[in-house]
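Colleague: Here it is, the structure in full.
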Amino acid sequence: ALPPSFDGESSKYRFRMLESPNMWIARPIVDQNGWDHETGIEGFSIEKPFTLRRKNQYWGGKPLQVTAEIAKDKKDMSFRSETEVTLKHSKKLSTVSGIDSQSIGRDMAYTARSETRYRSKSGRNKMIVGLSASRVVEAQATGFKVEERLKVLRGSKVKSKVVLAAGMVKSGSDKAKGANTELTVKAASPDDPFRLALGGS
């Protein structure tokens, strides 16, 4: 809600604009704990959704999302960007791929990632297979993961889901492996706050 009277020092009256999904959207990054009578703006973010289509194709397409953030104070500047595209192979199979970049001090880190998701016809289970590759200066790392999500106890007063995940990350001659199991039980009714989660790794 806006203050009852206009105050030029109030940030609620600043940087207000109409947003359209057909254009680049720019928003300020505001520090809520800034000093009085300061804008509190540390940077800005931009984003835009695209739809990739073939020539003379007017319907359908592949959704693409591009976002970027730039923040700067008196000493340092940080940058982060994310580009993600979704490929739908069929009603059951889809792939989400993206490229992320982020500043780390004076260096940049780049990550390429891709996940393929398969949902069964009954909707009870979903499998996810993912790959990733990262580079920071001269260091490189690759990763792989497999995840299985299974819904059980359907049709009862509670909903439960089992998640099984395993992955590996390799950088040079070093390897790291991990696995995780999680069981979530919650009430079928959205008005019931009951929720129980158990996990192990």
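The values are calculated or read from the model by the stated rules, or taken from the named source; none is laboratory data. A quick note: this is a predicted structure, and the numbers were derived from the prediction, not measured. Because the Cβ atoms are built from the backbone with ideal geometry, glycine has one as well, and the counts that use them run over all protein chains shown. Surface areas here come from the heavy atoms of the whole protein model, side chains and all, with no ligands, DNA or RNA. Shrake-Rupley method; radii C 1.70, N 1.55, O 1.52, S 1.80 Å.
Colleague: Excluding E115 itself, calculate the net charge of residues whose Cβ lies under 11 Å from the Cβ of E115, where each Lys or Arg counts +1 and each Asp or Glu counts -1.
Modeller: In short, +1.
Colleague: Using θ = phi - 60° and the Karplus curve 6.51 cos²θ - 1.76 cosθ + 1.60, what whole-Hz ³J(HN,Hα) does each residue of the range 106-117 get, with Gly and Pro shown as x?
Modeller: Computed from phi, the couplings for the range 106-117 are 9, 9, 10, 10, 10, 9, 10, 9, 8, 10, 10, 10 Hz.
Colleague: Can you give me the % of accessible surface on the range 46-201 that is carbon or sulfur? Probe 1.4 Å, all protein chains present, nothing else counted.
Modeller: The computed percentage sits at 56.
Colleague: For the range 137-201, report the accessible area per residue in Å² (1.4 Å probe, heavy atoms, rounded to an integer).
Modeller: Here the residues of the range 137-201 average 75 Å² of exposed surface.
Colleague: Given K48/K161; K48/K91; K88/K161, which pairs have Cα atoms separated by over 28 Å?
Modeller: K48/K161
Colleague: Still on this structure: What distance in nm separates the two pseudo spin-label positions at I25 and K48, each 7 Å out from Cα along the beta-carbon direction?
Modeller: 1.4 nm
Colleague: Also, quick follow-up: Can you tell me the FRET efficiency between R117 and K74 if r is taken as the Cβ-Cβ distance and R0 is 35 Å, rounded to the nearest 0.05?
Modeller: FRET efficiency, R117 to K74: 0.20.
Colleague: Could you give the distance between the Cα centres of the range 156-201 and the range 92-112, to the whole Å?
Modeller: What the calculation gives is 24 Å, centre to centre.
Colleague: Report the FRET efficiency, 1/(1 + (r/R0)^6), for S101 and Y58, where r is their Cβ-Cβ distance and R0 is 25 Å, rounded to 0.05.
Modeller: 0.15
Colleague: Just to confirm the filter: which trypsin sites (Lys or Arg not before Pro) across the range 53-87 are DSSP coil and have at most 13 other Cβ within 10 angstrom of their Cβ?
Modeller: Listed in order of number, the matching sites are R53, R54, K55, K74, K75.
Colleague: Shifting gears a bit: I want the local charge near R135. Using Cβ-Cβ distances under 12 Å, sum +1 for each Lys or Arg and -1 for each Asp or Glu among the other residues.
Modeller: -3
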